[in-house]
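Notes follow the structure.
The values are calculated or read from the model by the stated rules, or taken from the named source; none is laboratory data. Just so you know, these numbers come straight off a predicted model, no measurement behind them. Don't worry about glycine lacking a Cβ; one is built from the backbone with ideal geometry, like all the others, and counts go over all protein chains shown.
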């Protein structure tokens, strides 16, 4: 606890000065996440490296102190060293995040409530990743009905708001008069022969009953880019889904995979469903980080013409008003 308080006070002194530290967009997130990591019990991490959190936070503190010494001075040698340390720390942070994610999912699989509660109580970036968040919420709602966890309550609200936002975005972007139809396997080849990149039918969902009487849904993205797919059911009779509904899932370009299974609740009774799906380009789960300086999607030093900017005459309207096209 004492170490945590000292580190917090030190970070406040470093980052709340009159002028930001050099490379602030890298330094600030490291300082913020390092404070959260000081609360993490390393014994819950699936790692053989001793003191991985303690050593990392100590190095973050040292690097921030170096940045503080460069706040009003120009020393190219120290500045380069400082930047290299920031980049190294960013890489180490990602490694710790991977350990955290693996350990949290491992706790869920092992049904280890104590380990889960400790890890999930510390709000780190992996908690907001769609798969981790979805599994954490499901485990939390099933096992902690009388034992609230603040971070998980916030994640539940976040998921509800995001689902509404994604659905609204899909409806606005696609502007469907009717939702796309779930196909039978026999209909797919004809659709694939005529589907063009970006067209409504360039993402296909097939529903087929297997030998167990289950309805298995398979999605195929014919586009070269990632899309986010939404699958929902207006009616489910005597059927239960193996994922929460509506289902939102990302599909990489030129990929095909099973996405959902509906199983009979009572095998001797009649089953029925009414379904629909929609999709949008890119990841609907992407979260912009205002503190991060993003690179453009081509090699540094390359000159690429902007073929269409904000509110362009061809397609940049509505939700796409602030898109930029590079003629590359």
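The table below lists the values:
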| read-out | value |
| --- | --- |
| Residue 219 in a loop (DSSP other than H, G, I, E, B) and either in contact with a helix residue (DSSP H, G or I) (Cβ under 8 Å, 6 or more places away or on another chain) or closer than 18 Å to residue 207 by Cα (or both) | no |
| Filter result (in a helix (DSSP H, G or I), loosely packed, with under 14 Cβ neighbours inside 10 Å and in contact (Cβ under 8 Å) with a residue 24 or more places away in the chain) within the stretch 66-89 | 87 |
| Test: residue in the stretch 208-219 that is crowded, with 18+ Cβ neighbours inside 10 Å, within 30 Å of residue 128 (Cβ to Cβ) and either modelled with pLDDT under 85 or under 21 Å from the mean Cα position of the chain (by Cα) (or both) | yes |
| Matching residues in the stretch 107-126 - criterion: being part of a helix (DSSP H, G or I) and either without any contact (Cβ under 8 Å) to a residue 60 or more places away in the chain or surrounded by fewer than 16 Cβ atoms within 10 Å (Cβ to Cβ) (or both) | 108, 109, 110, 113, 114, 116, 117, 120, 126 |
| In the stretch 90-103, the residues that are out of contact with any helix residue (DSSP H, G or I) (no Cβ under 7 Å at 6 or more places or on another chain) and free of Cβ contacts under 8 Å to residues at least 40 places away in the same chain | 91, 94, 95, 98 |
| Cβ-Cβ under 8 Å pairs, at least 6 apart or on other chains, the stretch 175-201 side farther than 14 Å from residue 278 by Cβ, far side assigned to a helix (DSSP H, G or I) and modelled with pLDDT of 75 or more | 183/191; 191/201; 194/201; 195/201; 195/202; 196/202 |
| Checklist (1) in contact with a helix residue (DSSP H, G or I) (Cβ under 9 Å, 6 or more places away or on another chain); (2) in a loop (DSSP other than H, G, I, E, B); (3) surrounded by 10 or more Cβ atoms within 10 Å (Cβ to Cβ) applied to residue 293, failing item | (3) |
| Selection status of residue 320, under 30 Å from residue 31 (Cβ atoms) and modelled with pLDDT under 85 | no |
| Residue list for the stretch 276-287, restricted to those being surrounded by 14 or more Cβ atoms within 10 Å (Cβ to Cβ) and assigned to a loop (DSSP other than H, G, I, E, B) | 284, 285 |
| Residue in the stretch 56-63 that is over 23 Å from residue 122 (Cα atoms), surrounded by 17 or more Cβ atoms within 10 Å (Cβ to Cβ), touching a helix residue (DSSP H, G or I) at 6+ places or on another chain (Cβ under 8 Å) and modelled with pLDDT of 90 or more present | yes |
| Single unsatisfied condition, residue 273 versus (1) more than 20 Å from residue 182 (Cα to Cα); (2) outside any loop (DSSP other than H, G, I, E, B) | (1) |
| Selection count where residues are within 20 Å of the chain's Cα centre (by Cα) and on the phi > 0 side of the Ramachandran plot, scope the stretch 277-328 | 1 |
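Conditions (1) surrounded by fewer than 18 Cβ atoms within 10 Å (Cβ to Cβ); (2) part of a loop (DSSP other than H, G, I, E, B), marked per residue:
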| site | (1), (2) |
| --- | --- |
| 223 | no, yes |
| 228 | no, no |
| 231 | no, no |
| 234 | yes, no |
| 240 | yes, no |
| 245 | yes, yes |
| 253 | yes, yes |
| 262 | no, no |
